[in-house]
Amino acid sequence: MTLTLYDAPRCPYCARVRIVLAEKAVEYEVVEIDLADRPAWIYEKNPTGRVPVLEEDGWVLPESAVIMEYLEERYPEPPLLPADPADRARARLAIFRHDELASAYYALRRGEEGARERLDAELARLDAVLAGRPWLGGREYGLADIAYVPWLLRTRDQLGVSLERFPALSDWLERLLERPAVAAEAAVVASL
Ligand SMILES: N[C@@H](CCC(=O)N[C@@H](CS)C(=O)NCC(=O)O)C(=O)O
């Protein structure tokens, strides 16, 4: 069985998949896609032309949130979703709502008016969630945290947004950075 990730270092959606693969110690091959000059054949793997795409012996799967869940089922150890159905639902809800952060993040990247305020409001929302529980999915580290951390790293290290005003969020990020899989992604961001 050969597992291939069509990947781009700067892509935070790809980072989600890289982190899950690292946490589960899964070996895979990387095909790096130049996002500024994408090969035409990537559309055969994903009609949107986007990365990440996971390929397993000719079977292809796009969409980072779906890939994360696939990897969780395909490689159950160590688990990255809680055992309890209600806790699993909460983790999935956090992942489902990620677009609210992403939309504010990309608005700031594009320099849109009012984007900084929008992003600050999203950071404050996450800070409030993390003041009430240690991880975004609940009591344990897992897919919800992995779904968000690539954007938080880029917010801090590329957009230069200090997270100090969000103490629970800052503490969460520090705890995440103790994990080699996440620290490796901080190194990727530093290299971009
Ligand atoms: N919903 C997709 C989004 C993936 C995505 O937007 N990837 C970006 C790179 S970070 C991309 O391939 N962009 C190329 C394009 O939009 O044409 C996912 O979660 O995998």
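Computed from the coordinates by the stated procedures, all read-outs in this text should not be read as laboratory data. Owing to the predicted nature of the structure, the values given are computational and were not obtained by experimental measurement. Neighbour counts are summed over all protein chains in view; Cβ atoms, including those assigned to glycine, are modelled from backbone coordinates with ideal geometry.
Structure notes:
- For ASP99 and ALA40, the FRET efficiency from 1/(1 + (r/R0)^6), where r spans their Cβ atoms and R0 equals 30 Å, is about 0.60.
- Relative contact order %, the range 118-192, counting alpha carbon pairs below 8 Å whose residues are six or more apart: 31 percent
- Loop chymotrypsin sites (Phe, Trp or Tyr not before Pro), the range 1-93 (other Cβ atoms within 10 Å of the site Cβ: 14 or fewer; DSSP): TRP41
- In the chain, taking the dipole from charged Cβ atoms about the Cα centre, the farthest positive-side position among ALA104, PRO150, TYR43 is held by ALA104.
- Note on the range 10-50: Cα Rg divided by 2.2 N^0.38 Å, N the number of residues, gives 1.30.
- Exposed-site-free run, longest, the chain (rule: GluC sites (Glu not before Pro); DSSP loop; at most 11 other C-beta within 10 Å): 28-112
- The separation of the range 129-181 from the range 75-122, counted between C-alpha centres, amounts to 11 Å.
- Length-normalised contact order of the chain in % [C-alpha pairs under 8 Å, at least 6 apart]: 22 percent
- Antiparallel DSSP beta bridges within the range 3-74, percent to nearest 5: 65 percent
- Every helix of 4 or more DSSP H residues in the chain counts as -39500 (n - 2.57), and over all residues that averages to -17500 deg cm²/dmol at 222 nm.
- Loop-exposed trypsin sites (Lys or Arg not before Pro) per DSSP, neighbour cap 12 Cβ within 10 angstrom, longest uninterrupted part of the chain: 1-109
- Length-normalised contact order of the range 3-74 in % [C-alpha pairs under 8 Å, at least 6 apart]: 39 percent
- Counting Lys and Arg as +1 and Asp and Glu as -1 over every other residue whose Cβ lies under 13 Å from the Cβ of ALA22, the net charge comes to 0.
- Check: the range 3-74 dipole with +1 on Lys, Arg Cβ and -1 on Asp, Glu Cβ, in debye: 280 debye
- With the Kirkwood sum run over all distinct C-alpha pairs, the range 86-192 has a hydrodynamic radius of 14.0 Å.
- Bridge type composition, the chain - antiparallel percent by DSSP, nearest 5: 70 percent
- With the Kirkwood sum run over all distinct C-alpha pairs, the chain has a hydrodynamic radius of 17.2 Å.
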